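Worksheet: the structure to be examined is printed underneath.
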Ligand code: GAR
């Protein structure tokens, strides 16, 4: 049984999708051992409590990055976390944090990276006038929205889309992509050749 640690800062819809898939056995041999938020007002924390999951709020405001990261990593280690899933965690991890979980930290980003890293990626894509948009699940490295890509999902931008409808359709894909990526990292056989993830086989 592998332990997932979820880090979030906001409403937590990606976390909820992961929790649903864990409960339904669609993410095999895994449990969510802790949900950590850096914000006291994160909706995701309330949802996690409703699901009777263990939660922890470790406010980051006013703290040096690594000082906060040390608290988060200690909590993840206390809960024997095997895989860290950033699910709308709006804080850059320090290089020290990244080193504690080599290739064991995933992030989801609402664009087809390397296009539109950073904040409000869906709005950036819409304003740019792209015809194809989507989301990316990737390993976390020291740079923002940057590590090797695990799963991407693409959708067409429709002529009658606005920023909201586009973001909503990207989010639907995020909810599918994240569980796929977790299954692959936990149960798949893959090689990482430079930035390139090559899937050899899936056990389940
Ligand atoms: C998601 O769209 C996620 O891709 C994005 O924040 C949102 C969180 O929503 N993350 C980033 O932009 C990271 N750079 P959620 O709280 O409902 O999962």
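The values are calculated or read from the model by the stated rules, or taken from the named source; none is laboratory data. No experiment lies behind these values; they were computed from the predicted model shown. Don't worry about glycine lacking a Cβ; one is built from the backbone with ideal geometry, like all the others, and counts go over all protein chains shown.
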- Query: Which of the strands (runs of 3 or more DSSP E) contained wholly in segment 80-160 include at least 3 residues that are touching a helix residue (DSSP H, G or I) at 6+ places or on another chain (Cβ under 7 Å) and within 12 Å of the ligand (Cβ to nearest atom)?
  - Reply: 105-109, 132-139
- Note on the structure: How many residues of segment 161-191 are modelled with pLDDT of 95 or more and more than 13 Å from the ligand (Cβ to nearest atom)? The answer is 9
- Which of the residues belonging to segment 1-14 are part of a helix (DSSP H, G or I) and away from the ligand (no atom under 13 Å from the Cβ)? none
- Query: Could you say whether any residue in segment 100-109 is touching a residue at least 24 places away in the same chain (Cβ under 8 Å), in contact with a strand residue (DSSP E or B) (Cβ under 7 Å, 6 or more places away or on another chain), over 23 Å from residue 69 (Cβ atoms) and crowded, with 17+ Cβ neighbours inside 10 Å?
  - Reply: no
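Scan segment 174-188 and give yes if some residue there is under 22 Å from residue 101 (Cβ atoms) and assigned to a strand (DSSP E or B), otherwise no. Talk me through it step by step, then tell me what you get.
We begin by selecting, within segment 174-188, every residue under 22 Å from residue 101 (Cβ atoms); these are 174, 177-188.
With assigned to a strand (DSSP E or B) added as a condition, the list becomes 188.
Yes, segment 174-188 contains a residue that is under 22 Å from residue 101 (Cβ atoms) and assigned to a strand (DSSP E or B).
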- Message: Any residue at all in segment 10-17 that's surrounded by fewer than 19 Cβ atoms within 10 Å (Cβ to Cβ), farther than 14 Å from residue 179 by Cβ and modelled with pLDDT of 95 or more?
- Response: yes
- Task: Inspect segment 63-74 for any residue being within 16 Å of the ligand (Cβ to nearest atom) and not in a helix (DSSP H, G or I) and give the result as yes or no.
- Result: no
- Filter result (within 15 Å of the ligand (Cβ to nearest atom) and part of a loop (DSSP other than H, G, I, E, B)) within segment 15-30: none
